[in-house]
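Take a look at the structure below.
The values are calculated or read from the model by the stated rules, or taken from the named source; none is laboratory data. Quick caveat, the model's predicted, so the values are computed rather than measured. A quick note on method: Cβ atoms are made from the backbone with ideal geometry, for glycine too, and the neighbour counts reach across all protein chains shown.
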Amino acid sequence: MIKRIGLLFIVRRSLRQHALSTLITTLSIALGTGLVMAVIGIKAQSVAAFTGGQIGFDAVLGARGSQLQLVLNTVFHLETSPGNIPWAMYQTMKNDPRVELAVPYALGDNYHGFRIVGTTTALFTKFEYRDGVRFQTRRNGRFFDPTRQEAVLGSYAAQRLGLRVGDNFTPYHGLVFDESMRHDEQYTVVGVLAPTNSPSDRVIWIPIEGIYRMEGHVLRGDGEDYVPQPGQEIPDEHKEVSAVMLKFRNPQIGFIMDATINKQGKAATLSWPIGAVMARLFDKIGWMNQILALVSYLVIVVAGGSILASVYNSINERRREFAILRALGARRKTVFAVIVLEAVSIAALGVIIGFIVYGAIFTGASAIVRAQTGIVLDLLKLHPVFVIAPVCVILLGAVAGVVPAVKAYRTDVATNLTPIS
Amino acid sequence: MPLLTITDLQKAYISPEGSQTRIIDIPHFEMEEGAQIALRGGSGVGKTTFLNLIAGILGADSGRIVVSGEEMTALSESGRDRLRASHIGYIFQTFNLLPGYTALENVMLGMMFGKGIDAGFAQHLLERVGLGDRMGYRPSQLSVGQQQRVAVARAVANRPRLVLADEPTGNLDYHHANAAIALVREICGENNAALLTVSHDAEVLGQFEEATDFAQVNRA
């Protein structure tokens, strides 16, 4: 034990003596390790969130077109809408005994870039975004009254827009904010939802009737233009929805509906299962992740090379030190071990700082992901890469230490005991 | 049984031209426990090589070196390292202190590869050589004489049976050299270590009861 402490003592002293090169090498290792952990960790969490995260619905029914566009538009509130479908399709789904829950979405407006989605109160009273968990309003809040111009805000939208219960705002037409597209209607915030760490946090929910009645909106549920009039009820045949969010009573329903709607029908598209639709997207852009991972691995390899170079370069000036240690009784293998331990220590220090680098990259990246998608990535969520990357880097450090260690191992004692002048 | 017995020891160097130059040829040499012997010789006569052979830093071409009953010349390199670490202390002409370590750490390093670190004893030794207030100083912060005293303390740190001193006062002026060699002798005596000194300095050699001409020992 004493000998072991002794070796580490020598290693520590030596690293301190070469503090600058130790620091630079350690930082390069930290950067490489942090990058690998961040790239792999963020990718894993993002894929999990987009393909199997807190979605709550099994399928989305929308206009004929791309399943992916439909999912991105309705579940993740990204992308444009592929078009609308008649209200009757929503009613058919709602009345289908195989469907546990059908919630209509009507899109087309925003407030300072945050999307306004028209829906029914079923979203608040029946929909579970996670098993057994429904949307909840924060203190002093409530869900909207479907007959009034009221809005419920997702937590992130409320925070970024600075809107609180009681505040009024006026929607803007379109999914992208354009100051000239301001509607005249005024909406009152009646509730702010508790955070769900899902895309819903970025949404402003209003009654679907409100979307229909927004000035300038034209309904084409039956193919003819229809402009709702104040005080008059809108006949169902004129109504249309951007999508119907569906939850099935059992998974087999998805197979059947996929066959009837997508394969045999031509009127609409069913995106099902949502996770698989998103997984296909990630498959398509998988090469990008591979490139990112490859770059990170290369950074680690270069950092490993820098360990080798910095330790190797120090060996020449330390020949006398090794000769003295040998003269004091140190074995060749002891000198070898000191050098390998030095390389391992640099790698281990780099790994420790690498976790800080990971934290910094992750924090920055997750802020972007949250702002863009509403999905909250968890910095502390465990992933095998947090063990595999450090172990590999430390092993790489040991391997990088072998070449200089062999050089130190071969140091001749007698010829190196006199000072080099 | 003598502490050190050398029989028919031979060592040659290969010159850059490829020819062999015999530098050590010692038919017989021995030292008793606790003895203090000085060998006189000019430079280039093989004194350092002789001490390096005894310490096991160099391997002999032929012959036997027995230290404390263990045959150094029959051991592998790591075996010689072990025997040196546990039984032999070495004072070098250039002291060979490690520049990045304090006086105390240098002494403790002398213990690390042998019987184990005893920080208390290391401190005691530095106090004994008059450096109690300089333990935390690095070699560059010490005078040459103080560095020599750290080297003396380190040589006996591992409680060796035999201390080898190679021109131990070579870097000191006349006044300090005499005091230093007296200290080396005292310290070795107090720690029951025999002392084998090689030097060309008549003043140093004059302090020993017995100073033998190295040429009488070495026939090469």
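The figures follow:
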quantity: Identity of the residue in region A:315-341, farther than 21 Å from B:Leu58 by Cβ and among the β-branched types (Val, Ile, Thr), that ends up farthest from the other protein chains (Cβ to nearest Cβ); calculated: A:Val340
quantity: Residue that is nearest to A:Asp109 (Cα to Cα) [pool: residues in region A:188-218 that are without any contact (Cβ under 8 Å) to a residue 40 or more places away in the chain and part of a loop (DSSP other than H, G, I, E, B)]; calculated: A:Glu215
quantity: Tally of residues being in a loop (DSSP other than H, G, I, E, B) and more than 9 Å from chain A (Cβ to nearest Cβ) across region B:93-141; calculated: 14
quantity: Strands (runs of 3 or more DSSP E) (entirely within region B:158-219) containing at least 2 residues that are crowded, with 21+ Cβ neighbours inside 10 Å; calculated: B:162-166, B:194-199
quantity: Candidate set: region A:123-154, residues that are polar (S, T, N, Q) and farther than 15 Å from A:Pro195 by Cβ; chosen: the one surrounded by the most Cβ atoms within 10 Å (Cβ to Cβ); calculated: A:Gln149
quantity: Helices (runs of 4 or more DSSP H) completely within region A:1-103 that count 1 or more residues being crowded, with 21+ Cβ neighbours inside 10 Å, in contact (Cβ under 8 Å) with a residue 60 or more places away in the chain and away from chain B (no Cβ under 14 Å); calculated: A:19-52, A:67-74, A:87-95
quantity: Residue that is farthest from A:Arg182 (Cα to Cα), among those in region A:106-122 that are hydroxyl-bearing (Ser, Thr, Tyr) and surrounded by fewer than 24 Cβ atoms within 10 Å (Cβ to Cβ); calculated: A:Thr121
quantity: Boolean, A:Ala398 is within 14 Å of another protein chain (Cβ to nearest Cβ), surrounded by fewer than 21 Cβ atoms within 10 Å (Cβ to Cβ) and either modelled with pLDDT under 90 or more than 30 Å from B:Thr49 (Cα to Cα) (or both); calculated: no
quantity: Whichever residue in region A:255-272 is within 14 Å of A:Pro82 (Cβ to Cβ) and of a type in the set (S, T, N, Q) and, among such residues, is surrounded by the most Cβ atoms within 10 Å (Cβ to Cβ); calculated: A:Ser271
quantity: Residue within region A:242-260 that is hydroxyl-bearing (Ser, Thr, Tyr), assigned to a loop (DSSP other than H, G, I, E, B) and on the phi < 0 side of the Ramachandran plot present; calculated: yes
quantity: Residue identified as closer than 23 Å to A:Phe50 by Cβ, out of contact with any strand residue (DSSP E or B) (no Cβ under 9 Å at 6 or more places or on another chain) and not aromatic (Phe, Trp, Tyr) among A:Leu72, A:Leu175; calculated: A:Leu72
quantity: Residues being over 26 Å from A:Leu78 (Cβ atoms) and within 28 Å of the chain's Cα centre (by Cα) - total across region A:137-194; calculated: 1
quantity: Among (1) under 30 Å from B:Leu109 (Cβ atoms); (2) touching a Leu at 6+ places or on another chain (Cβ under 6 Å); (3) crowded, with 19+ Cβ neighbours inside 10 Å - the single one B:Phe50 does not satisfy; calculated: (2)
quantity: Residues (away from chain A (no Cβ under 14 Å) and either in contact with a helix residue (DSSP H, G or I) (Cβ under 7 Å, 6 or more places away or on another chain) or modelled with pLDDT of 95 or more (or both)) located in region B:38-56; calculated: B:Ala38, B:Leu39, B:Arg40, B:Gly41, B:Val45
quantity: Test: residue in region B:78-85 that is within 25 Å of A:Ala19 (Cβ to Cβ) and either within 7 Å of chain A (Cβ to nearest Cβ) or modelled with pLDDT of 90 or more (or both); calculated: no
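Matching residues to (1) within 27 Å of A:Ala330 (Cβ to Cβ); (2) more than 14 Å from every other protein chain (Cβ to nearest Cβ); (3) among the basic types (Lys, Arg); (4) assigned to a helix (DSSP H, G or I):
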| site | (1), (2), (3), (4) |
| --- | --- |
| B:Asp8 | no, yes, no, no |
| B:Arg22 | no, yes, yes, no |
| B:Leu58 | yes, no, no, no |
| B:Arg64 | yes, yes, yes, no |
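One line per residue, one yes/no per condition, for (1) without any contact (Cβ under 8 Å) to a residue 12 or more places away in the chain; (2) touching a Lys or Arg at 6+ places or on another chain (Cβ under 7 Å):
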| site | (1), (2) |
| --- | --- |
| B:Asn96 | no, no |
| B:Val107 | no, yes |
| B:Gly114 | no, no |
| B:His124 | yes, no |
| B:Arg128 | no, no |
| B:Met135 | no, no |
| B:Leu142 | no, yes |
| B:Arg149 | no, no |
